[in-house]
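**Q** My questions will all concern the structure given below.
The values are calculated or read from the model by the stated rules, or taken from the named source; none is laboratory data. The structure displayed is predicted, hence computed values, not measured ones. Cβ atoms come from the backbone with ideal geometry, glycine included; neighbour counts cover every protein chain shown.
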Amino acid sequence: MKKILTTVATVVALCSAVSVQARPLDAIQKSGSITMGSEGQYAPFNFFRGKELTGYEIDVAEAVAKKMGLKYEWKAVGFDALLTGLAQDRWDLVIASHAITPEREKAVSFTLPHYCSGGIIVAMTPAIKTAKDLAGKVVAVQTGTTYLEHVKKVPGVKEVKNFPTDEAARNALVSKRVDAWVTDRFVAKEMISKNAKAGFNTGDMLFVEQVAAAVSKGNTGLSDAYNKALKELIADGTIKAISEKYFHEDVTCK
Ligand code: ARG
């Protein structure tokens, strides 16, 4: 028994010795560069133009980093891996349109929001517009999103189909493999304005949400510095200008 306990103690000690901690602000400042994670498949918030990661929240995060006096480096991975990567110290901050939810707040700390939006119904027919119209229907959503959580709660939905990206969920709608797609209202708006003849119809917003960047749980040094910079950039009109470039309107929370 004693031997087992000693072994357990050794394993625990070894694990904590190699366990990585998210970098506090002073370590980031010392290195001069912040590592940020995003997805790159959620236009116009985060997407690739050729090899370059760009979009509203990419520009916002780069402006914030600059204001903080930091250089930055991007890592683009699947949406599902982003928040867990914070705890593993793979990046210092994640910005990929995560809404602030009580569930996520158990695992990470959120900054102030960089936009306010909500989930909207999109269909290829004007007949599917409201939550009630989703009864008996098959609905596409991206895995791990708030859209999935909300659509699951809509009474009578026949099936909620999960897709690894929001674009794949949209494609399922286009090819009529599903009856409706629930996505962000600004994603839908931009997509429809660029594909006016494709036959998309938007319906009601199912819920509203505040969207923010996330840092590892309790990394308040970093989130405080980020928030201070973001507030200054909102006050001086920088964020509004970035927003108008992508959405032709100001998407920040009023
Ligand atoms: N706003 C939604 C959420 O909080 C969707 C985010 C999707 N983001 C992305 N990069 N695909 O879950």
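**Q** Wholly within region 99-192, which helices (runs of 4 or more DSSP H) include no fewer than the required count, namely at least 1 residues that are touching a Ser or Thr at 6+ places or on another chain (Cβ under 7 Å), touching a residue at least 12 places away in the same chain (Cβ under 8 Å) and within 10 Å of the ligand (Cβ to nearest atom)? If you could, list the steps in order and put the result at the bottom.
**A** Working: elements: 102-105, 146-153, 166-174.
By residue number, 146-153, 166-174.
**Q** Consider ALA229 carefully, then state whether it is away from the ligand (no atom under 16 Å from the Cβ), at pLDDT 95 or above and under 30 Å from LYS30 (Cβ atoms).
**A** Criteria met by ALA229.
**Q** For region 37-57, which residues satisfy the criterion of being away from the ligand (no atom under 11 Å from the Cβ) and either touching a residue at least 24 places away in the same chain (Cβ under 8 Å) or in a helix (DSSP H, G or I) (or both)?
**A** Passing the criteria: PRO44, PHE48, TYR56.
**Q** Here is a follow-up. Name the residue, out of THR146, THR252, that is β-branched (Val, Ile, Thr), out of contact with any Asp or Glu (no Cβ under 8 Å at 6 or more places or on another chain) and within 17 Å of ALA99 (Cβ to Cβ). Working first, answer last.
**A** Values: THR146 fails: out of contact with any Asp or Glu (no Cβ under 8 Å at 6 or more places or on another chain).
When all the criteria are applied, what remains is THR252.
**Q** Sort out which residues of region 62-79 are part of a helix (DSSP H, G or I) and either modelled with pLDDT under 95 or more than 16 Å from the ligand (Cβ to nearest atom) (or both), and write them in order of number.
**A** GLU62, ALA63, VAL64, ALA65, LYS66, LYS67
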